[in-house]
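First up is the structure itself, then whatever we jot down about it.
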Amino acid sequence: MTDAAGHAPRGGGVRSLLFPAATALAGCAAAAVVWFADPTSDAGFPLPPCPVKLLFGLDCPGCGASRMVYSLLHGDVLSALHYNAVALVFVPFFLWTWGAWVLGRWRGRRVITWEHWRWSPLVALIVIAVWSVVRNLPFPPFEWLYV
């Protein structure tokens, strides 16, 4: 396979992995902050509260994500599910996308993932919209989703 100039594609090599390595390092640093700060306690987590929750008293689609990550880091999947079920379901898709990005940089060409599928943006928008409504319903069993 060749490009328009007749050159064979070449992989990006080790140098192309510097930015993915930096993102992995940043992710590990963020996980360490969440691990040690314990957003599930009332001791005063160092991140500011969600502006949507602060202004309107409603959970936004991302509310509880740091508590979900904390619970996952401690192996408590049920608590992670309680804090943000949609974010928990998205974690494997995020890892898939990140892995494909790293592989694409190594190979020197893009790797197609779920986010390139034609219907993915619409499905994501519908899931986020439904999640935004369902997690704020004030009656059982939905009140369990409110964090």
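Quick notes on this one:
- Where a residue in segment 11-30 is under 18 Å from Trp96 (Cα atoms) and its partner, wherever it lies, is of a type in the set (Val, Ile, Thr) and surrounded by 12 or more Cβ atoms within 10 Å (Cβ to Cβ), with Cβ under 8 Å and at least six apart: Leu17/Val102; Pro20/Val102
- Candidate set from segment 132-147 (those that are part of a helix (DSSP H, G or I) and over 20 Å from Ser71 (Cα atoms)); member that is most open to solvent (accessible area, probe 1.4 Å): Val133
- Taking (1) within 29 Å of Asp38 (Cβ to Cβ); (2) at pLDDT 95 or above in turn, Leu137 satisfies each apart from (2).
- Any hit, segment 120-127, residues being within 30 Å of Phe19 (Cβ to Cβ) and polar (S, T, N, Q): yes
- Any chance Pro46 is at pLDDT 85 or above, open to solvent by 60 Å² or more (accessible area, probe 1.4 Å) and not basic (Lys, Arg): no
Rundown of residues vs (1) in contact with a Phe, Trp or Tyr (Cβ under 6 Å, 6 or more places away or on another chain); (2) within 29 Å of Leu145 (Cβ to Cβ); (3) open to solvent by 80 Å² or more (accessible area, probe 1.4 Å), yes/no style:
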site: Ala80; (1), (2), (3): no, yes, no
site: Val86; (1), (2), (3): yes, yes, no
site: Gly104; (1), (2), (3): no, no, no
site: Val111; (1), (2), (3): no, no, no
site: Ala124; (1), (2), (3): no, yes, no
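- None of Arg109, Arg105, Arg118 is part of a loop (DSSP other than H, G, I, E, B), more than 21 Å from Ala31 (Cα to Cα), of a type outside the set (A, V, I, L, M) and touching a residue at least 40 places away in the same chain (Cβ under 8 Å) except Arg109.
- Of note, Gly57 satisfies the criterion of being out of contact with any helix residue (DSSP H, G or I) (no Cβ under 6 Å at 6 or more places or on another chain) and modelled with pLDDT under 90.
- The residue that is farthest from Ala124 (Cα to Cα), counting only those in segment 88-102 that are surrounded by fewer than 15 Cβ atoms within 10 Å (Cβ to Cβ) and not hydrophobic (A, V, I, L, M, F, W, C), is Gly99.
- Residue within segment 94-117 that is among the small types (Gly, Ala, Ser), more than 14 Å from the chain's Cα centre (by Cα) and closer than 23 Å to Ala37 by Cβ present: no
The values are calculated or read from the model by the stated rules, or taken from the named source; none is laboratory data. None of these values were measured; they are calculated from a predicted model. Methodologically, a virtual Cβ is constructed for each residue, glycine included, from the backbone with ideal geometry; neighbour enumeration extends over all protein chains shown. For accessibility, only protein heavy atoms count, side chains too; no ligands or nucleic acids. Shrake-Rupley method; radii C 1.70, N 1.55, O 1.52, S 1.80 Å.
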